[in-house]
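Here the structure comes first, spelled out in structure tokens, and everything after it is commentary.
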Amino acid sequence: MTFKPAIWPRKLRSQEWFGGDSRDHIYHRSWMKNQGLPADLFDGRPVIGICNTWSQLTPCNAHLRDLAERVKHGIYEAGGLPLEFPVFSTGESALRPTAMMYRNLAAMDVEEAIRANPLDGVALLVGCDKTTPALLMGAASVDLPAIMVSGGPMLNGWFRGERVGSGTALWQMSEDIKAGKMSREDFLEAEQSMSRSPGSCNTMGTASSMASMVEALGMTLSGNAAIPAVDSRRRVMGHVSGRRIVEMVKDDLKPSDVLTRDAFENAIRTNGAIGGSTNAVIHLMAIAGRVGIDLTLDDWDRLGRDVPTIVNLMPSGKYLMEEFFYAGGLPVVIKRLGEAGLLHRDTLTVSGETAWHQVKDATNFNEDVILPADAPLAEQGGIAVLRGNLAPNGAVLKPSAASPHLLTHRGRAVVFENIDDYKARIDDDDLDIDETCVMVLKMCGPRGYPGMSEVGNMGLPPKVLKKGITDMVRISDARMSGTAYGTVILHTSPEAAAGGPLAIVRNGDMIELDMPGRRIHLDVSEAEIARRLAEWKNPVAPPASGYARLFHDHVQGADTGADFDFLVGCRGNAVPRDSH
Ligand code: FES
């Protein structure tokens with residue numbers, strides 16, 4: 001059989017590997033054919049990688065092998081050749097010390113795997129929290145045509161007639177046990193009802209927020225975020241996304257065409273409207289850094305300030321993702337932003353159409369789930385960015401998840417030097433604390449934990465919970481699960497482990513929170529702060545070696561997205577030379 005030249009309108013990147021009759025071309029094709037691939041699949045058609053975060057250790061993504069098959073159907077149907085490959089899967093529920101510590105590792109894996117292989121485009125299969133930003137960060141740094149397909153949320157959990165929201169119910173029930181309101185037997189019974197089906201967390205936690213972010217950015221087909229994992233329409237989404245990525249290669253439609261500043265501004269406003277996770281702040285800034293867009297914390301505060309939260313989902317509201325889908329899903333929300341003049345309508349999406357064109361005909365089927373504009377869940381749904389002598393580079397707070405009466409507060413600091421100190425003392429009835437105090441937790445930032453743990457919503461002391469108190473002001477350099485809630489100041493930068501002022505807060509210091517004024521203040525003189533900082537010694541030594549050392553030495557602050565300093569930017573798809 002003689003080799004047939006490319007049939008595609010232009011020579012594709014994969015033809016560097018497959019498109020000729022040299023020894024190396026034969027080498028590249030022949031080994032691929034051991035999978036039973038007919039010769040004509042190498043005739044110049046687009047080779048599409050299916051970058052899969054499937055893993056049984058990432059339960060939220062454990063169904064992605066099936067979804068990948070649907071994507072393959074679509075790719076074949078549109079005339080492409082699909083080749084599926086695995087990448088590091090960052091499962092939130094099991095990875096230690098934190099899944100966040102491995103987001104950048106996964107992003108590196110994705111970037112190198114795409115660039116090094118004979119691919120013309122890629123479908124990114126994501127689900128659990130960090131898998132979504134990791135794959136987009138990596139793909140954006142290569143900038144080959146890419147489309148994202150989310151695995152979708154789990155079905156609603158139900159326990160004794162009540163909705164059980166992933167994460168949110170767990171935090172609530174564990175507080176109820178400490179307060180003596182729930183028995184351990186009931187808690188164990190409720191465990192069975194939390195995770196009823198394949199899929200990611202069913203609350204508007206980080207996974208659903210990030211699925212919404214990539215839809216708002218234009219990196220998925222419209223409607224992707226909310227379709228439940230087990231709904232047949234999730235498979236349809238995979239199938240049509242497979243078709244579409246082949247067309248995108250034909251059109252040479254790349255992430256850099258979609259990920260514009262306007263697209264990020266649309267996503268920030270969307271996060272306010274959905275009551276999305278504070279984790280989206282970090283991930284979007286890291287993604288923006290990969291495409292050279294200078295997105296800052298101030299953009300979050302400025303753009304989100306006037307956006308009301310209209311999606312009535314836990315943790316801020318009442319319903320779950322399944323109901324959000326039945327109500328019309330994210331297109332309804334984006335349409336509402338467009339009608340309110342809060343959307344850049346002309347941003348391009350992977351569909352080849354504009355953001356507005358995609359959503360202009362969306363219908364709201366349940367106004368108790370997606371609320372009317374004049375009856376929002378929160379008037380100011382965005383992320384508040386606080387600054388002051390305690391957070392010179394910024395800290396974040398989610399007003400819609402906080403208690404209104406605590407948003408302006410002055411209280412005595414009760415300091416936990418690290419998470420072990422917190423765990424050792426929080427249940428002690430002799431702890432000198434009451435509900436007016438401000439709980440301070442250190443050494444939980446990117447370097448300190450390491451990996452910036454989701455412990456910022458640290459549980460209240462039992463002696464306070466038993467009084468019926470459910471919220472206190474808490475401040476840390478940690479993150480918070482998107483499923484969590486409370487008057488919780490997060491991402492304090494610089495972090496304690498980098499010598500930020502958080503490191504020198506002492507028991508008894510007074511702390512002032514002024515959310516409307518966007519201020520967080522340690523009421524200690526500048527001279528005293530300077531003296532304490534000069535005396536401060538980092539209690540944590542850097543890891544001796546391995547990935548943990550690389551992470552420690554190169555992770556940047558939460559205020560810029562916690563990417564590695566050497567990974568920021570787009571490096572393109574060129575490879576220096578052939579393997580032989
Ligand atoms: Fe995976 Fe929540 S733990 S999505």
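Readers should treat all values here as calculations from the given coordinates under stated rules, not as data from a laboratory. Since we're looking at a predicted model, the values are computed, not measured. All Cβ positions, glycine included, derive from the backbone under ideal geometry; neighbour counts span all protein chains shown.
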(request) Find the centroid of the Cα atoms in the stretch 372-433 and in the stretch 175-243, then give the distance between the two in whole Å. (result) 26 Å
(message) Which one, Phe42, Ser200, Met182, projects farthest toward the positive side of the charge dipole computed for the chain from Cβ point charges (K/R +1, D/E -1)?
(response) Phe42
(request) Rounded to the nearest 500, what is the 222 nm mean residue ellipticity of the chain from helices alone, with -39500 (n - 2.57) per DSSP H run of 4+ residues and division by all residues? (result) -10000 deg cm²/dmol
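Pairs Lys130/Lys254; Lys318/Lys442; Lys130/Lys181; Lys398/Lys442: which are spaced more than 29 Å apart, C-alpha to C-alpha? Walk me through the numbers on the way to the answer.
Working: Lys130/Lys254 22 Å; Lys318/Lys442 32 Å; Lys130/Lys181 34 Å; Lys398/Lys442 20 Å.
Pairs exceeding the cut-off: Lys318/Lys442; Lys130/Lys181.
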(request) Give the cross-link partners of Lys537 among the aspartates and glutamates, using a straight C-alpha distance below 20 Å as the criterion and excluding same-chain residues fewer than 8 apart. (result) Glu417, Asp420, Asp421, Asp477, Glu495, Asp509, Glu526, Glu528, Asp553
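If you count the DSSP beta bridges with both ends in the chain, what percent of them are antiparallel, to the nearest 5?
Numbers: 22 of 51 bridges.
Counting DSSP beta bridges with both partners in the chain, the antiparallel share is about 45 percent.
I need the shape label for the stretch 464-507. Rule: rounded when a/c is under 1.5, else prolate if a/b > b/c, else oblate, with a, b, c from the alpha carbon gyration tensor.
Oblate is the answer for the stretch 464-507, as a/c is 1.5 or above yet b/c matches or exceeds a/b.
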(message) Looking only at Cβ-Cβ distances, which cysteines of the chain have no other cysteine closer than 4.7 Å?
(response) Cys51, Cys201, Cys437, Cys444, Cys570
(request) Calculate the translational D of the stretch 141-223 in whole µm² s⁻¹ from Stokes-Einstein, where the hydrodynamic radius comes from the Kirkwood formula applied to all Cα pairs, the temperature is 25 °C and the viscosity 0.890 mPa s. (result) 168 µm²/s
(message) Straight-line reach only, C-alpha to C-alpha below 27 angstrom: list the lysines that Lys250 could link to, leaving out same-chain residues fewer than 8 apart.
(response) Lys4, Lys11, Lys33, Lys72, Lys360
(request) Give the span of the stretch 398-452's Cα atoms along each principal axis, as three whole-Å numbers ordered largest to smallest. (result) 32, 30, 16
(message) Please give the charge dipole size of the stretch 53-158, origin at the Cα centre, charges +1 on K and R Cβ atoms and -1 on D and E Cβ atoms. Round to the nearest 20 debye.
(response) 240 debye
(message) From the gyration tensor of the Cα coordinates in the chain, what semi-axes in whole Å does the equivalent ellipsoid have, largest first, with each one equal to sqrt(5λ)?
(response) 42, 26, 22
(request) Quick one, can you get me the convex hull of the C-alpha atoms of the stretch 191-327 expressed as volume per residue in Å³? (result) 115 Å³
